[in-house]
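The values are calculated or read from the model by the stated rules, or taken from the named source; none is laboratory data. Predicted, not measured: the structure shown is a model, and the values here were computed from it. Backbone-built Cβ (ideal geometry, glycine too); neighbour counts: all protein chains shown.
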Amino acid sequence: MLSHLRITAAKPAAKPFNLSDGQGLFLTVQPNGSKLWKLSFRHLGKQKTLHLGLWPDVGLADARERRDEARRRIAAGLDPAVEKKRARVAAKVAAANTFKDVANEWVQKCEREGRAEITLSKIRWLLGMAYPIIGSLPIANITPQEVLAVLRKVESDGRYESARRMRSVLSRVFRYGVATVRCQKDVAADLRGAIATPRVKHLAAITNPVQVGKLLRAIDGYEGQMVTLMALKLSPHLFVRPGELRQAQWSEFDCDKAVWYLSAERMKMRRPHRVPLSRQVLELIEELRDHTGHRDYLFPCMGNPKRPMSENAINQALRRLGYSQQEMTAHGFRAMAATLLNEMGIWNPDAIEKQLAHLDASAVRRAYTRGEYWDERVRMMQHWSDHLDELRNAGKILRPDFGAGRSAG
């Protein structure tokens, strides 16, 4: 058997030579002075050699432990040399399948499936915050504790909603990793209750008819960019989601039929949507066509016309008009329309919900309300535009023929 002293004293020769330790374990001394532990064994009638590591990185005691472990595997009918190769290949595959690699592949899949660009942008933003911590780690080796560290970092900044959404996005990446055999488990799934639940945030909206009229008159007096002005004017009439409005494209509008067609890819609920266009909206669109009709977007970005206007353009315009974030938001035009249309009491609530492109939470109810209420929605949208005109005009100064003037609002 070998000893530390004998190994240290072994000097290289012109040719490699072996020093035996017993039970198949030996040390090969190379001409360059390196010393390599090896194990000689038989498997399925074939003589094989397993490399166990370099001395002195692997000491005598460690070499014997590795020999004994390999012999136990051999006794169980396994080939430790083959297993070592498989482990090496698996390690290389794991290193090539980092969380960031798998996440990028999943995002590309979402792109091919036609997910809305605004949704993809939010996903990329959330993943970007996770990459510094887990992006370079093999996805198969990531632990729940490491994922929780990502969520805690976002949560510590008070961004509870972002942390909640990030957990969902991370979970989808892990599920994709499981489906593509890059990891065995969605380690983010069990972290649902680990982060603070965000408080429900109601987006500010003006729903008082008198104040709506005041807002419409303020919009008429807006002195900013013309494209922003037109987006402001159209927002209350159309009351679509802000992202759907700012990304509106000329190819989606059929002004002869007075319809705006939005594809499923553009919609939050992944269902195609139609918006009836009132006379007032058609007039505004024709006015806008003179300015941006040669572009793809109705509301192109000022700095880059090939892209739509900024996500915050309408909200910033409302701030310029003197409305705080607690008073009115771009999304608030939807709440304004939903509230006042329902208060009129003359429209089917389902027709209003269809026009808002809401998806009924009940699958049973959806199954029994397949109708689009199109004819009623056409009448409703024209009535709504007429009503907005009435609210706006209610504040104008009226001057009767007999000369006495008074304000109605």
Just the residues that are in contact with a Pro (Cβ under 6 Å, 6 or more places away or on another chain) and surrounded by 15 or more Cβ atoms within 10 Å (Cβ to Cβ), please, taken from segment 1-28.
28
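Out of all the residues in segment 12-23, which are touching a strand residue (DSSP E or B) at 6+ places or on another chain (Cβ under 8 Å) and either farther than 23 Å from residue 66 by Cβ or aliphatic (A, V, I, L, M) (or both)?
The first filter runs over segment 12-23 and keeps only residues touching a strand residue (DSSP E or B) at 6+ places or on another chain (Cβ under 8 Å), leaving 12-13, 16-21.
Hits for segment 12-23 are 12, 13, 19.
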Enumeration of residues in segment 115-157 that are within 12 Å of residue 98 (Cβ to Cβ) and not aliphatic (A, V, I, L, M)
131, 135, 136, 138, 141
Which is part of a helix (DSSP H, G or I), more than 21 Å from the chain's Cα centre (by Cα) and either among the basic types (Lys, Arg) or in the same structural domain as residue 388 (by TED's automatic domain parsing) (or both), of 283, 265?
283
Residue that is modelled with the highest pLDDT, among those in segment 364-399 that are farther than 24 Å from residue 237 by Cβ and within 37 Å of the chain's Cα centre (by Cα)
370
Based on this model, can you work out whether residue 164 counts as of a type in the set (Lys, Arg) and within 18 Å of residue 105 (Cβ to Cβ)?
no
Of (1) in contact (Cβ under 8 Å) with a residue 12 or more places away in the chain; (2) at negative phi; (3) assigned by TED's automatic domain parsing to the domain that holds residue 357, residue 258 satisfies every one except (2)
Checking the structure you have, find out if any residue of segment 163-177 is without any contact (Cβ under 8 Å) to a residue 60 or more places away in the chain and more than 19 Å from the chain's Cα centre (by Cα).
no
Looking at segment 269-325, which of its residues are among the acidic types (Asp, Glu), farther than 27 Å from residue 204 by Cβ and in contact with a helix residue (DSSP H, G or I) (Cβ under 9 Å, 6 or more places away or on another chain)?
287, 296
Among residues of segment 58-84, those that are surrounded by 14 or more Cβ atoms within 10 Å (Cβ to Cβ), acidic (Asp, Glu) and at pLDDT 90 or above, counted
1
